[in-house]
Structures are given as C-alpha cells and as structure tokens.
Amino acid sequence: MRRGFDRPLGRVFARAIPPLLRRANQLMASGDYAAAASAFEQLAQAAEARGGPRAPFFHVQCGRARLAMGRKAEAVESLERGLGLFAVRAQTGKLASVGDRLIADLGQRGLTEEARQITDFVKGLLPNYVPGRTGAGAVGRAALPTHCPGCGAPVLPDEVEWLDHTTAQCAYCGTPVRGT
C-alpha cells in the first residue's frame, strides 16, 4: 500500500484557508472594523485579480465592515463592487439574494438612503428585480451553524451554495458546513 492512502478523506480534500481570511473574520467578530475592512479589501482585490469565485463576497464583507465603522459612502461602493461582480459573472441568483439581504440589513439599521442606493443598483443590473422575492430557496433545508467552522465567516443560508439539503458550502472559504 502506498503512503497517503491510509489518511481520512476529509484531510486529503481539506482546503487551505488563507490566514488573512481567518484574521479578517476574527477582526470583524471582535469589533475591529477598520482592520477587518482592510483585510477584506486585500482579500477581494487578490481574489478579483485571479478571477477567484469568492471576490464578490469579500467586497460585500468589506462593505459590511465599513458600514459598522459609519463610513457609509465607502461601504456602498464596496457593496456595489461585490454585487457588480455577481452580475459580470452571470450569477443573477446570488446577485438577487445577496442584494435582498443587504437591502434588508440596511433598512433594519435605519439606513434608508443606502438601502435605496443598493435597490437602484440591483435594479439597474436586473431590470425585473423586485426586492424581497428571493430567500425561499432555503425552505426544507437544514438549519446551519451561524459561523463557518473553517474560517469563522458568517453563514447565511440565502448566500451559501447548497450541496444538498443538509450541507452548504461556505461562501468565503468553500468549507462544507453541515446543518441539523
């Protein structure tokens, strides 16, 4: 028997999670939004430069960190960059569901002007878009943990890629996340 075949499959196929991603999520969780925004911006630029599939999510998370800092104009810019990448990549479902979540989050924070800006931006990319129509995709699916066990990112059921009815893939690192 050759060396390596006796290892568990999970270890063979484990993804290397960038330390900067773990750090960015730790900074976000601890409330150091300025450092988190900087880290997510670095991740977004690097992922975008190589055509990485997670670049839009990194831009969105950078925008969320900037919102938490009170830097609304920069936040909207980052959010729009992430949403725009979904459109460029023809990921209209992700564009609509992430847009819906952002609009709802902005509205709950009382940021009605920013919610309107994001609504208008998404409508410009998806002419038939009606805010609030997505989110039904998680019906009948397992309840997911709130954070990814791999990188610590928030796990949002309407933003993840579902692999089956009980397992989703983290939008930030690709780790499979099993629900209950």
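The values are calculated or read from the model by the stated rules, or taken from the named source; none is laboratory data. It should be emphasised that the depicted structure is a prediction, and the values quoted were computed from it without experimental measurement. Note that we place each Cβ from the backbone using ideal geometry, even for glycine, and neighbour counts take in every protein chain shown. Calculation scope for accessible area: heavy atoms of the full protein, side chains included, ligands and nucleic acids excluded. Shrake-Rupley method; radii C 1.70, N 1.55, O 1.52, S 1.80 Å.
With respect to the chain, whose longest principal axis is taken over its alpha-carbon atoms, helix 72-88 is tilted by about 60°.
When the charge dipole of the chain is built from unit charges on Cβ atoms (+1 for Lys and Arg, -1 for Asp and Glu) and taken about the Cα centre, the candidate among GLY99, LEU125, CYS62 whose Cα reaches farthest toward its positive end is CYS62. In the elastic network of the chain, a GNM with C-alpha springs shorter than 10 Å, the most mobile of LEU83, LEU111, LEU21 is LEU111. A cysteine counts as unpartnered when no other cysteine's C-beta lies under 4.7 Å of its own; in the chain this applies to CYS62.
Between GLU161 and ARG133, the simple label model (points 7 Å from Cα in the Cβ direction) yields a spacing of 2.5 nm.
Taking amide hydrogens as placed 1.01 Å from N in the peptide plane, the amide H of THR167 sits under 5 Å from those of GLY179, each at least 5 positions away in sequence or on another chain. If you take all other residues with their beta carbon under 12 Å from the beta carbon of LEU85, and give Lys and Arg +1 and Asp and Glu -1, the sum is +2.
If you work out Cα extents along the principal axes in Å from the coordinates, which of (i) 41, 36, 29; (ii) 49, 35, 27; (iii) 63, 37, 29 do you get? Here Cα extents along the principal axes in Å agrees with entry (iii). Carbon-plus-sulfur fraction of the accessible area of the chain, 1.4 Å probe, in percent? Within the chain, the accessible surface is 53 percent carbon and sulfur. The tail of the calculated P(r) for region 67-136, taken as Cα-Cα distances beyond 19 Å, holds 25 percent of the pairs.
Listed values for region 44-53 are Karplus-derived 3J(HN,Hα) couplings in whole Hz (6.51 cos²θ - 1.76 cosθ + 1.60, θ = phi - 60°), namely 5, 5, 5, 5, 5, 4, 9, x, x, x, and x replaces Gly and Pro. With all protein chains kept in place, the per residue accessible area of the chain amounts to 54 square angstrom at a probe of 1.4 angstrom.
In degrees between 0 and 90, to the nearest 10, how far off the longest principal axis of the chain does helix 55-69 point, with axes built from Cα atoms? So the inclination is approximately 60 degrees.
Here the Gaussian network model covers the chain, with springs between Cα atoms less than 10 Å apart; of ILE118, ILE103, ILE17, ILE17 fluctuates the most. Considering only alpha-carbon pairs that sit under 8 angstrom and 6 or more positions apart, the relative contact order computed for the chain is 17 percent.
The accessible area of THR167, taken with all protein chains in place and a 1.4 Å probe, comes to roughly 20 Å².
Taking Cα atoms, how many degrees apart are the long axis of helix 92-108 and the longest axis of the chain, rounded to 10 and kept between 0 and 90? Around 60 degrees separate the two axes.
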